Ligand SMILES: Cc1cc2nc3c(=O)[nH]c(=O)nc-3n(C[C@H](O)[C@H](O)[C@H](O)COP(=O)(O)OP(=O)(O)OC[C@H]3O[C@@H](n4cnc5c(N)ncnc54)[C@H](O)[C@@H]3O)c2cc1C
């Protein structure tokens, strides 16, 4: 019905104007390598059991693999412990949202088919929606499918014969699946933590917002949370900015999480329509809308997540505008006029307290 091309978007200045899907293990390897280069180590098999705020910091009880408990003191604590966050629970921060009750499955598999290798497909079939997402290894794809007949409390078995039937029925193409890798069955949930901060403790990533993988927004949103928070924490911790700068984390990131969850919930609803007449309306509306380049570009830009703006944030609102440069709170695109800025923003450690923190800087 329509084709969304990322490289036609206005942000063609972006170094990677494409949809990139990689296995989660690869993402974790990249992140860990980077962390290593920055001098930090991930301590596996170590769990946070409890935490409490103390004078000028936070104390947490960590349980090691051998069962020993260690009290760990830090000035700040960031809970990046995923959807079932113990940190969020310890803070008593409520989640707001709902569970869709629908069942989806995900499977990484090799696929021979007449489809173009390296392109992603979204098949709005009568039997349920099917996403075919290219993986870095040629010929390998990630299949994500709605299973309208399945129940969350009775997850189906995902094997090659089941997948083969599903793909053949929904695409109507001759395909051959083999080498089944990672599989997962999940029920989309759409929740956001009411508050991303309690005193010296923060929430980021899935600990702060939980949503269905439709649209693939989760990981990027979590990384944006981390980036938004860390330079501010760095400045406040070193006494280079007023502590109120940290309030802008909630102010800037909570609405982004809310908007993202609203969009993903709507998309999940549209993707999981069961009533035939509504499916037909969906098909017709999507067919008409996707004829317009502007709609396709908007969709691509939304999925690309580079349209973030924080114009009304305390950290940027007081700033005067200077001609020709990005406005405070806007994305600093890689324009000819700003290569030095882009270079400096690449590494959060080099961020200095300057006029960019406005009245919040000391
Ligand atoms: C099936 C599926 C498919 C997805 N596909 C995509 C996609 O295509 N694109 C995308 O962008 N996102 C996708 N997501 C979402 C993405 O995986 C998450 O948004 C991302 O992993 C969140 O990262 P995180 O670090 O916040 O949390 P997590 O990745 O959940 O990491 C949390 C970590 O904290 C640890 N932890 C938990 N409790 C404790 C504790 N008490 N003490 C110590 N450690 C603890 C956990 O062991 C884990 O290592 C998908 C999610 C699912 C479920």
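The values are calculated or read from the model by the stated rules, or taken from the named source; none is laboratory data. Predicted, not measured: the structure shown is a model, and the values here were computed from it. Neighbour counts run over all protein chains shown; Cβ positions are idealised from the backbone, glycine included.
Return yes or no: is residue 59 within 16 Å of the ligand (Cβ to nearest atom), at pLDDT 95 or above and touching a strand residue (DSSP E or B) at 6+ places or on another chain (Cβ under 9 Å)?
Spelling it out, residue 59 is indeed within 16 Å of the ligand (Cβ to nearest atom), at pLDDT 95 or above and touching a strand residue (DSSP E or B) at 6+ places or on another chain (Cβ under 9 Å).
Given the conditions (1) closer than 17 Å to residue 272 by Cα; (2) within 12 Å of the ligand (Cβ to nearest atom), report the number of the one that residue 147 does not fulfil.
Every listed condition holds for residue 147 apart from (2).
With modelled with pLDDT of 90 or more, within 14 Å of the ligand (Cβ to nearest atom) and either closer than 28 Å to residue 22 by Cβ or not assigned by TED's automatic domain parsing to the domain that holds residue 143 (or both) as the only criterion, which of 196, 235, 246 stands out?
196
Filter region 150-193 for residues that are surrounded by fewer than 16 Cβ atoms within 10 Å (Cβ to Cβ) and under 30 Å from residue 254 (Cβ atoms); which is farthest from the ligand (Cβ to nearest atom)?
152
Only one of 123, 116, 167, 133 is at pLDDT 95 or above and not assigned by TED's automatic domain parsing to the domain that holds residue 265; which?
The conditions single out 167.
Here's a check for you: in region 81-94, which residue that is crowded, with 18+ Cβ neighbours inside 10 Å and within 21 Å of the chain's Cα centre (by Cα) is farthest from the ligand (Cβ to nearest atom)?
93
Residues being assigned to a strand (DSSP E or B) and buried (at least 16 other Cβ atoms within 10 Å of the Cβ): count how many of those fall in region 66-80.
3
Checking residue 14 against (1) at pLDDT below 95; (2) touching a helix residue (DSSP H, G or I) at 6+ places or on another chain (Cβ under 8 Å); (3) within 12 Å of the ligand (Cβ to nearest atom), which test does it fail?
(3)
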